[in-house]
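The values are calculated or read from the model by the stated rules, or taken from the named source; none is laboratory data. Only a predicted model underlies this, so the values are computations on that prediction, with no experimental measurement involved. Positions of Cβ are generated from backbone atoms using ideal geometry, with glycine treated the same way; all protein chains shown enter the neighbour counts. Ligands, DNA and RNA are stripped out before the accessible areas are found, and what is left, the full protein with its side chains, is counted by its heavy atoms. Shrake-Rupley method; radii C 1.70, N 1.55, O 1.52, S 1.80 Å.
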Amino acid sequence: MEVGRTAGLDVDPEAFVGAKAWLDKVTEPEYGRAGYTARGNGPSRYQEVMDRFPADRSESMTALAVLTRMHCGADRNDPMVKKGLDLLSRVPPAWSARDGSTDFYYWHFGTMAAFHAGGERWTSWNSAVKKALVGNQKKGPEDDARGSWDPADPWASEGGRIYSTAINTLT
């Protein structure tokens, strides 16, 4: 709704009823955590990467749900938005090959959600994501990969360096 109105479109609020119903279906009402297909099931992962990138190290679906709720008209004071943002603040971006917390998809949607929420949530998130990304961007003068990011998250096997660099640039 918000995005359509910003673009100057006349948006019927009824168009978002189904999206809101789906978000309610996959979001735990007590904590605000959104699952991929059901409450509590967390983000999607290929079976081959589950051990290396545990689902509990990412709130990607929660970030996407918070952002979608806000695009559907909820503000940062909406109870489900607040709960989701609380979860995001507990799992800030941190590049770590050891614990499997690197998740560019999560960081992208978390950044968008935190930006729309504004205030201290945005300031804190932005600081963490800048530290994680800027500190790990290829910088060597003789490096053909200069300016890119290593494919180091759960989806890197699918998209490689191009995916990693594209999504991190968007973030």
Tell me, yes or no, whether segment 143-157 has at least one residue that is in contact with a helix residue (DSSP H, G or I) (Cβ under 8 Å, 6 or more places away or on another chain), of a type in the set (S, T, N, Q), over 21 Å from Arg33 (Cα atoms) and without any contact (Cβ under 8 Å) to a residue 40 or more places away in the chain. yes
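Among the residues of segment 7-23 satisfying the criterion of being assigned to a loop (DSSP other than H, G, I, E, B) and open to solvent by 70 Å² or more (accessible area, probe 1.4 Å), which is nearest to Tyr36 (Cα to Cα)?
Asp12
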Those residues of segment 37-96 which are of a type outside the set (Ser, Thr, Tyr), in a loop (DSSP other than H, G, I, E, B) and open to solvent by 60 Å² or more (accessible area, probe 1.4 Å), in sequence order: Arg39, Asn41, Met50, Asp51, Arg52, Asp75, Arg76, Asn77, Pro92, Trp95
Go through segment 45-81 residue by residue and tally those that are within 21 Å of His108 (Cβ to Cβ) and either modelled with pLDDT of 95 or more or in contact with a helix residue (DSSP H, G or I) (Cβ under 8 Å, 6 or more places away or on another chain) (or both). 22
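Do you know which residues across segment 144-160 are open to solvent by less than 60 Å² (accessible area, probe 1.4 Å) and either of a type outside the set (A, V, I, L, M, F, W, C) or assigned to a helix (DSSP H, G or I) (or both)? Let's see the steps before the verdict.
Taking segment 144-160 as the starting set, the residues that turn out to be open to solvent by less than 60 Å² (accessible area, probe 1.4 Å) are 145, 147-156, 159-160.
Within segment 144-160, Gly147, Ser148, Asp150, Pro151, Asp153, Pro154, Ala156, Gly159, Gly160 meet the criteria.
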